[in-house]
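Input: a single structure, listed below in structure tokens.
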Amino acid sequence: MKPNPSQKSYTVKEATLKLAQFCAYRDRSHKEVEEKLKELRMIPVACEQIIMKLMLEGFLNEERFARSFVRGKFRIKKWGRNKIKQELKIREISAPIIKLAFTEIDEEIYIITLQELAEKKLNLIKEINPIKRKKKLINYLLQKGYEPQLIYEVSNDLIG
């Protein structure tokens, strides 16, 4: 079998530089960096060496990644804690770091965001039947990742 000429091979130094740029563009999780190293077809020993160097130089920081992920998904996409937590677990972030990252969300702002999201969605729901209307609202907010008890409080305030 012939080697694929489109697949470039990298030295440890080249791969480290490439991954440093990859991490500098935006915060990355360890899992993303490991996948990128696999794409570059680096051997396990080189991968470990590169990851350690990136961590020591501050390019790779799991807590910083988790914090910025939480801030971004909450502020921009208006995701709730459940959805954010699920996504962080997919990215193999540990429970203590997830807990730390959630300190980025102010509880008061979280509730206000949920209420605004609920009001906005309620205005878009064309359903006339109040029970079906409420069900559609609740399903939407659950899908956004908000906690059921908070959703029920907000939906009861809005619909009754």
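Going by what's in this entry, would Ile76 be described as at pLDDT below 95 and either in contact with a helix residue (DSSP H, G or I) (Cβ under 6 Å, 6 or more places away or on another chain) or over 16 Å from Lys31 (Cβ atoms) (or both)? Walk me through it before giving the result.
Values: at pLDDT below 95: no; either in contact with a helix residue (DSSP H, G or I) (Cβ under 6 Å, 6 or more places away or on another chain) or over 16 Å from Lys31 (Cβ atoms) (or both): yes.
Taking the combined requirement at face value, the residue does not satisfy it.
Within segment 7-31, which residues are surrounded by fewer than 18 Cβ atoms within 10 Å (Cβ to Cβ) and charged (D, E, K, R)?
Those that are surrounded by fewer than 18 Cβ atoms within 10 Å (Cβ to Cβ) and charged (D, E, K, R): Lys8, Lys13, Glu14, Lys18, Arg26, Lys31.
Under 9 Å by Cβ, and 6 or more places apart or on different chains, what pairs join a residue from segment 123-141 that is without any contact (Cβ under 8 Å) to a residue 40 or more places away in the chain and not assigned by TED's automatic domain parsing to the domain that holds Arg81 with one that is among the polar types (S, T, N, Q) and surrounded by 13 or more Cβ atoms within 10 Å (Cβ to Cβ)?
From segment 123-141, the pairs are Lys134/Ser155; Leu137/Ser155; Ile138/Ser155.
Could you please tell me which pairs satisfy a Cβ distance under 6 Å, a separation of 6+ or placement on different chains, a first residue in segment 60-72 that is assigned by TED's automatic domain parsing to the domain that holds Leu100, and a second residue that is among the charged types (D, E, K, R) and in a helix (DSSP H, G or I)?
That search, which allows pairs on different chains as well, returns Arg67/Glu104; Val70/Glu104; Arg71/Glu104.
When Gly160 is evaluated against the numbered criteria (1) closer than 29 Å to His30 by Cβ; (2) not in a helix (DSSP H, G or I), which criterion, by number, is the only one it fails?
Single failed check for Gly160: (1).
Tell me which helices (runs of 4 or more DSSP H) are completely within segment 1-110 and hold 3 or more residues being not hydrophobic (A, V, I, L, M, F, W, C), or say none if there are none. Full working, then the answer.
On the way: elements: 12-25, 30-39, 44-56, 62-75, 81-90, 95-101.
Helices (runs of 4 or more DSSP H) meeting the threshold: 12-25, 30-39, 44-56, 62-75, 81-90.
The values are calculated or read from the model by the stated rules, or taken from the named source; none is laboratory data. Remember, it's a predicted structure, so these values are computed and weren't measured experimentally. Every residue, glycine as well, gets a Cβ built from its backbone with ideal geometry; the counts of neighbours run over all protein chains shown.
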